[in-house]
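Enquirer: Got a structure for you, questions after.
The values are calculated or read from the model by the stated rules, or taken from the named source; none is laboratory data. Everything numeric in this text was worked out from a predicted model, so none of it was measured. Using ideal geometry, Cβ is built from the backbone for each residue, glycine included, and neighbour counts are taken over all protein chains shown. For accessibility, only protein heavy atoms count, side chains too; no ligands or nucleic acids. Shrake-Rupley method; radii C 1.70, N 1.55, O 1.52, S 1.80 Å.
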Amino acid sequence: MTRRRTARLRRTLLAGTTAIAVTAVTAGIVAAAQEPAKAATGPKLGIVAATTSVTLTSWKEEPGVYLDLGTYLIAERTPLELKVTRKSYKDPVTVTQTVYEGGKAKAKKLPTGTVKDFSGLPGFSEITLTDQAGKKVLTRSESFCPNNASGRVRPDAPSTSKYPESCPTNPFTLGSVWGVEKGWAANTYGGSYTEPVELPAGTYTAKVGVAKKYRDLFGIADKAATVKVTVVERSGEDEESTTGAASRSAKAGEHAGHGAGHQAPTAHAGHGPGHAPSPAEAAAPVTSGAGPSYNVGHGPLKAAPPALPWALKKKQLSGAAPQARDTGGQTDGSRQAPALEPLSKRPAGKPSVPDVPKPDLRSLPAYGITISDGGRDIPGKDHLAFSANVWNAGPAQLVVDGFRSPGKAKMDAFQYFYDAKGKQVGYTPTGTMEWDPRPGHEHWHFTDFASYRLLKADKKEAVRSGKEAFCLANTDAVDYTVKNANWHPNNTDLATACGEENSISVREVLDVGSGDTYTQDLPGQSFDITDVPNGTYYIQVLANPEKRLKETNLGNNSALRKIVLGGTPGKRTVTVPAHDLVNAN
């Protein structure tokens with residue numbers, strides 16, 4: 001299955017540049033951040049600016065300015081920690097704050113309706129812009145993801161943040177944890193959740209504060225951060241000519257040592273030079289969930305900020321065109337997590353399935369459902385495309401190693417089991433892994449992980465997807481509130497998780513709390529509905545269909561999503577009713 005990312009990255013976002021700004025924050029800001037900590041009555045949270053002035057770009061090709069102003073929410077004395085959950089899809093999303101008093105953690109339930117989904121605190125930041133004459137030219141509010149790009153603001157703060165690195169966007173997310181670590185600051189910029197604003201070139205003054213309901217809720221001082229904003233207008237054509245000259249200079253021997261570090265991922269078929277990115281701040285179109293997507297498989301929602309690590313931003317600014325394919329992506333939006341190494345050799349001894357914690361694979365209802373031509377414009381042909389996710393509710397990881405004998409086309413796959421201390425105490429054979437050489441795949445697939453079927457109204461099978469083999473990766477944070485959930489999983493993207501053609505072994509992991517989304521939009525993967533009558537159907541996502549993987553529970557592996565097919569041949573339609581309270585197609 002091709003899991004693809006947009007050929008045009010969305011815009012200049014947060015994870016690298018703004019995190020660097022936080023760690024390089026001026027002494028004056030550090031002092032301001034530490035001041036509340038000296039007084040017990042002071043606020044625990046506050047807004048500061050990493051710099052007194054910023055320059056923003058308005059591109060002639062795509063007018064509009066994204067207000068990345070370098071303002072941060074600083075957590076003092078204790079972290080800001082929020083648990084966001086829903087009991088089921090029939091229940092609303094609720095949020096509970098973990099309050100630290102006297103060294104003890106207490107749960108404080110926040111008012112109903114504080115959040116509506118898992119993307120962040122709505123209407124948290126309040127931004128006003130005035131021009132040089134003092135005239136107000138803009139007032140707007142933006143959501144805030146506490147897991148946004150962040151960094152330490154003082155040396156005695158924890159060296160790493162324990163909180164996840166983005167806010168989930170999967171419409172069927174069940175639980176998330178948001179937090180700003182003590183002594184850390186998180187960027188308030190809404191990233192991909194914001195819209196650009198029309199601002200002529202010139203100089204402005206921006207004030208960024210926190211909405212009153214959140215000031216009251218969290219004890220934040222009513223003190224806005226002030227930033228001077230300079231808007232400049234530039235042209236992508238000028239950038240391309242400049243980059244071309246720089247590229248020619250580099251080839252002539254200048255800037256030695258800066259070559260390989262700026263290489264873009266290899267191109268996916270059909271996404272070549274014609275899809276070169278616009279300048280860094282330009283926005284990419286919203287994805288359908290069944291088409292190309294930079295944040296893999298996140299349905300019709302925009303990618304969650306932070307969406308662009310500094311390493312990729314450098315590639316983009318160098319003029320190298322990031323391309324859509326399965327390599328080099330960041331699925332959690334802010335980092336490229338390393339792969340996990342398989343064991344050095346095949347497991348020895350007698351296979352056994354010990355009585356220890358095991359994974360619990362569960363399916364999410366399908367989403368991103370749309371009618372397509374299957375990637376081929378064949379008159380009269382209709383396909384039903386969709387995204388599907390299987391996740392691990394724990395309490396143990398799903399760990400599968402593949403080993404191949406020299407010269408063999410397939411690897412033998414083994415599932416491992418661990419005790420409470422993390423020691424391997426057993427293993428069992430669990431099928432095979434196969435190399436998929438097709439452009440856009442080019443990685444090792446584990447067979448029989450999931451199955452997708454279109455069922456009739458009576459739940460009998462009408463069409464089955466040909467997709468049966470999968471590269472396991474932790475693409476989506478489905479529920480980080482379950483026991484043993486890993487907030488910083490490895491194997492988050494296909495480039496690191498699934499090996500190379502010459503690999504002799506590979507380890508694929510589905511971590512606790514995370515899920516693996518595949519978008520079924522190609523022939524053999526999407527459902528061919530050309531000869532399927534109109535009417536009511538169900539898309540079934542079935543985890544572990546052959547029951548080869550050992551789980552704690554095999555009774556919760558199926559999820560159904562109701563749809564209604566209509567239209568005429570070549571012009572079919574699909575209606576997707578809400579799934580309880582989740583109204584996302």
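Enquirer: In square nanometres, what is the average projected area of the Cα convex hull of the stretch 97-246?
Expert: Its average projected convex-hull area is 13.3 nm².
Enquirer: Follow-up. Would you check the accessible area of Asp531, probe 1.4 Å, heavy atoms only, in square angstrom rounded to 10?
Expert: Per-residue accessible area (Asp531): approximately 140 Å².
Enquirer: Give the peptides 182-188, 357-363 in descending order of average Cβ contacts within 10 Å, highest first.
Expert: With the highest mean Cβ count within 10 Å placed first, the list reads 182-188, 357-363.
Enquirer: Collect residues whose amide H, placed 1.01 Å from N in the peptide plane, falls under 5 Å from the amide H of Ala450; neighbours closer than 5 in sequence don't count.
Expert: For Ala450, whose amide H was placed from the backbone, the distant partners under 5 Å are Asn544.
Enquirer: How much solvent-accessible surface does Leu45 expose, in Å² to the nearest 10, with a 1.4 Å probe and all protein chains in place?
Expert: Estimated to the nearest 10 Å², Leu45 gives 10 Å².
Enquirer: Which order do you get for Ile504, Ile74 if you rank them by accessible area with a 1.4 Å probe, largest at the top?
Expert: So the residues, ranked largest to smallest area, are Ile504, Ile74.
Enquirer: Tell me the accessible surface of Ser558 in square angstrom (1.4 angstrom probe, heavy atoms of protein chains only), to the nearest ten.
Expert: 60 Å²
Enquirer: Output the pairs from Lys108/Lys162; Lys87/Lys108; Lys109/Lys223; Lys104/Lys423 with a Cα-Cα distance over 28 Å in this structure; if there are none, say none.
Expert: Lys104/Lys423
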